Structures are given as C-alpha cells and as structure tokens.
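Input: a single structure, listed below in structure tokens.
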Amino acid sequence: MERKDLLASLFEAGLVRPEAIRAVLQDPRYSRMSIAQALVEGGLIDEITLAAFMADLYRVPFLRIRPGDVRPEALAMLPTEVASNFCVVPLGETPDGRLRLAMADPFDVTAEDVVSMHTSRPIERVVAPRGDIQEAIKGRAAAMSEALDRYGMTRPGAEVELFVMPDEETEEAPREGTLGEHDAPIIQLVNALIVEAIEIKASDIHVEPTENNLRVRYRVDGVLRTMAELPKTIQNAVISRIKLASGMDISERRRPQDGRSRVRLSQRWVDLRVSTLPTYYGEKAVLRILDKNVGLLQLSGLGMLPDHLALYQNLAENPQGMILITGPTGSGKTTTLYATLNVRNRISDNIVTVEDPIEFQLAGVNQLQVNHKAGVTFASALRSILRQDPDIVMVGEIRDLETAEIAFQAAQTGHFVLSTVHTNSAPATLTRLRHMGIVPYLVASSLLAVVAQRLVRRICEHCREETAPAQERLEFLRLATDHALPATYYHGKGCQKCGMTGFSGRLGLYEVLPMTGRIKQQILRKSSQRRISRAAASEGIRTLLDDGLEKVSMGWTTLEEVLRAVTVEVESLQGHDLHALGDALEASTERAIDPEPGSAS
C-alpha cells in the first residue's frame, strides 16, 4: 500500500475533495507533515474518522486510547522523544512476544523500524487517533514532572554532568551521555539522585523496579535506606538514562550489563561503576560511588584499638614478607590496604599494585588494572610486576593457586606483599591456603600476619545514651566467648545530626593474628582451624567478637551491630566442652588415618 492509495481511497469514499487536498499539499505550512497529519491539520477530515478509515483500508485494528488505558510499564518502554517524533505509543506485549504499537500513521515503516530497534521486539501495528496518542505521551511527561515535584528533586540539570568513561580496550575519549530534549526531566531526576547520594556519603545507589513503582535506595554506612518511590511510568526512561550515561546498550534489556561513568560537580570528579540486571519487573541498576575526593584514611582512623594499631604498624614496616587481609565483600579490606600503602608510600620505595578494579588513585604508586579481555590477570600481571624491581607489591585479591604461589614466592625473595582473601576468620585463612595447594613451609616462612575484619556502624556521638540489652543475647554471648562482657551498653536514640538513625560513620572490628612460633608450628603440622584458633587464644589474640565487645563497652558501637557483622561460634553448650570433644574426635581421626608405629591399625 502506497500513500497515493490513501488519497485515492479517500476520493472514492467521498471523504475529501481533490481541490481541497491540492490546496493543503501546496501550503508550505504542511510541507514537513505526513499526508495523514496534513489532512487533519488542514481541517479536511476529522482525525478519528481518518484513523478508522486507515485501519479498515490497511486491515489493521483500530483502537481509541483513553486516559488510564495504557499500562505504565508499557508506556515506559520507549523514550519520550521517539514516541513524540513518530506519534506512537507502546501498548504492551502480545502472547507471541511482539510489541503492540499504536500508530497515528500505520504506513510509517521508519517508525516501526526505530521502535523495533529500541525495544528489540517485532511490531504489531494498531491505528489510533493522533490526539489520543499525544495525550498518552503528555501523561507520561506529566508523571515525570510529578516525580520531580513529589520528591523535591528539582535541582538544575547543569549542577552535574555525566560522562561515559573511556573504554579500557579502545580508549575512546569520554563523551557526554544525553537523551532527547523531551527527556530533560529524567536527566534532572537521575542527576538529582546522584548528587543527593554523594552529599550524604552513600556508597551505592540501588534503582529497583517493583510491581507498582520504581524504588530508589541508598546504602549509607553499610545499610540500605529507601529514599524514593518513583512512578512506574518513568521506570524505563530512568534506567535508559543510567545506561546511556554509562556506555551501555540501551536497546538490550534481556542480559546483565556493566558500565562506568564519571560525574563532574563543579570542579569535583566522582567515578561510578554501574551494573544492570534483568529482573521479573524490569531492569535493576546499581551505581557504586567511588568518590576520589574523600581523603585516604590513616591507619589510626580505621578503628583499631591501641594494641592492635601498634602491632599492625610494626608488621607493616617489615622490609619483606606478606600480610593478608581477610573478610567478606564490603568489609573494608581495600580501605585497609590503601591505608597501609599510604604509610609505606615513600620516595625511596617502588610500589606497584594490581587491582580489579582500581578504586582510588594513589599519588606515587604504580597501579595496574586487571583486564581479562587483554589477558591481564592477577597472575600474569604479578609476574610482570616482579620484573619491574618492586619493593612493595599489592595484589587486590588472591583467587587461585597460581596467583598465591607467585605472591608467596615474592614475599620470600625480598618483597613486601599485601593482598586479600575471602574467609571468615584469621585461622580459617591458614587452612584455606593449605586447601588451595600452598605448601605449609612456604606459608610459615613468608606470612607475617593475617588480619580479619568487619565493618560496623558507629554510634552517633550527639545522641548516644546507655541502654539495656536483651537477656537472651547476654546468655548467648556467655556461651560464645570467655571474654568479659561489657558492664555498660549504649545506643543512639536518633537526632538531626545522624538523620534519626542513631549512627554516624563506620569503624572496623579486627582480629590480628601474627605468625608467632606457636602458630607456625600449627601451620607446619597442618592443624585444623579449631586447633589454630586454640593456639591463637593461648597467645592472647582477640577474636572479632572479643574486639567488638571491647568497642561496645567503650560506647563506639552497639551489641546488635557486632552480632550482625560477626559470625558467632558457640564455645560450650549444656555443660559440654565442644573444643575438648572436637580435639578428641580429631585425634581419633588422625590415628585412624596415620597410626603411630607399633600401634594397632
């Protein structure tokens, strides 16, 4: 069907006169319009009559669209600029996976191609009056403005600019990520969310689709807070803006993507690591905020008690050997590594790091980014680093036997090595290394110390007050530790300074395990984690729980925070000594596997 067939059919049906059509088509005011739009704008035919006629002529369904008929999630499938330029509106998916698209001009194959590209779906056309479609698009724009007004996010878009970070392989220059001019409210909204998160020192922004809205949460001091619930109608536009500004493919919504962006606030730069994930109700986006303007913490600012701080500072000044920092993701390991490098960062030392990713740039330190596509792994990078005459080497994480062997050999041959592993405690790290395949003598001769750590929220100093914990918790703690329980407990009642949370900032809990003679003996004997823990206790080493209880008694944090962060292992139960029972079972097992000479097997 060609456009001239529409005019001929209108003539035959007696709906328009030829001379009237000529007058309209020769008028320069209508020269850039489609024929259908020119006929309506020129007053030659009613838009509803024309839409119904085209639907019958092209054998396409005709539909009237009224306010509330279009579902928000369908309306948000297409950027406002595309919908407005082509006068189309998505109506949702058909059972066979096609996108049902209401069009004012069903002959517009360009519009069909563009929409199909944006949504990655084939199109099923429906004809609707142009006015109905325009009202639906206006409703979406109104929802955007309502979102800005409702949540007070009316900051000018010029306050923050988003740039796509250069690609690691192509090294393309950063470019500004923008949507169309019709999506300016969405750009304002996303900018406002980022600015607010940076101002309140959030570490992450979670943009999560739910059944009825788009939830925005910030992670502040390690805990997520719901900050806004945005209309469902702007869900896809918000996610598209985030993806566009992070160098992702906005037309791909069925697989996870990763990207990077950089925010400029006046003369201040903040990096964002962005990840998207397709969920049941749509794509979720998480933005990790890496604020390089926040000064590096000194070791004294990490929350170590004086004895731990003095011990760790002495260990960190060793000319060679290895220190391992252990703990789960988000426990502050990278911060401790950077604080240690900050102490050792002298003009006389060559410091090289291999990281994934580089979270902060350290002046005077040579930092290398892992790039698996280019074949730069922790192991391969570490080999190259050792040929660069380094004094101090930091390996972001020991993930495999190859990396571990190279790192331990470097520590044994005159280098000071820092790295991390993922274990629950310092004694567990020693057994983990053995299970990875590192020979015990290499661990015993190279390792200086293992430091396990967790992060807990610090009680707000402005609203701290005494409190009484539940008796059940105290009874549980008496079973879990031989350490004296605090005499006084504190909590924050909430004030304006801490946003009524009772907390302000975070501090670390630490278990510092130096490689003493007794601990080295346990390593060489291939002892179990339990026996290493008992040996550490005999050396006076505080566990994470004991360190947390010390800080509870000092009013630094709450008992609930310590129990939330630390895995508690019960020492005794119902009068039975679990350690003695465990040691007896272990000894029995060892005799069965490796009986002593002269004994019955």
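The values are calculated or read from the model by the stated rules, or taken from the named source; none is laboratory data. If you're wondering where the values come from, they're calculated on a predicted model, not measured in any experiment. Neighbour counts are summed over all protein chains in view; Cβ atoms, including those assigned to glycine, are modelled from backbone coordinates with ideal geometry. These area figures cover heavy atoms from the full protein model, side chains too; ligands, DNA and RNA do not enter into them. Shrake-Rupley method; radii C 1.70, N 1.55, O 1.52, S 1.80 Å.
Before moving on, here are some points about what is shown:
- Hz values of 3J(HN,Hα) by residue in segment 56-62 - Karplus curve (6.51, -1.76, 1.60), Gly and Pro given as x: 5, 5, 8, 6, 10, x, 9
- Distance between segment 242-288 and segment 338-405 - C-alpha centres, whole angstrom: 27
- Ligands, DNA and RNA are left out, and with a 1.4 angstrom probe the accessible area of segment 283-392 is 45 Å² per residue.
- Taken along the Cα-to-beta-carbon direction at a fixed 7 Å, the label points for V343 and K138 span 6.7 nm.
- Amide H within-cut-off set for D108, under 5 Å, with H built and near neighbours excluded: none
- Ranked by the mean number of other Cβ atoms within 10 Å of their residues, highest first, the peptides 543-553, 446-456 come out as 446-456, 543-553.
- The modelled label-to-label distance for the pair R17/V109, using points 7 Å beyond Cα in the direction of Cβ, is 3.5 nm.
- Global form of segment 279-413, assessed from the alpha-carbon gyration tensor, a/c cut-off 1.5: oblate
- Annotation: per residue accessible area for segment 487-555 equals 45 Å², rounded to a whole number [probe 1.4 Å, protein chains only].
- Heavy-atom accessible surface of segment 455-526: percent carbon and sulfur, 1.4 Å: 43
- Accessible-area order (highest first, 1.4 angstrom probe) of the listed residues R432, R241: R432, R241
- Among 309-321, 192-204, the peptide with the highest mean count of other Cβ atoms within 10 Å heads the list, and the full ranking is 192-204, 309-321.
- Global geometry of segment 259-315, whether rounded, prolate or oblate, following the gyration tensor of its Cα atoms and the 1.5 cut on a/c: oblate
- Overall size of segment 426-534 from C-alpha positions, given as principal axis extents largest first: 55, 29, 21 Å.
- The fraction of accessible area contributed by carbon and sulfur in segment 272-387 is 54 percent, rounded to a whole number (1.4 Å probe; ligands and nucleic acids excluded).
- Two-site FRET efficiency, R387 against Y58, from Cβ-Cβ distance with R₀ of 51 Å, rounded to 0.05: 0.10
- You can think of it this way: the chain between M117 and Y441 has 110.6 nm of extra reach, that is 0.36 nm per residue less the Cα-Cα gap.
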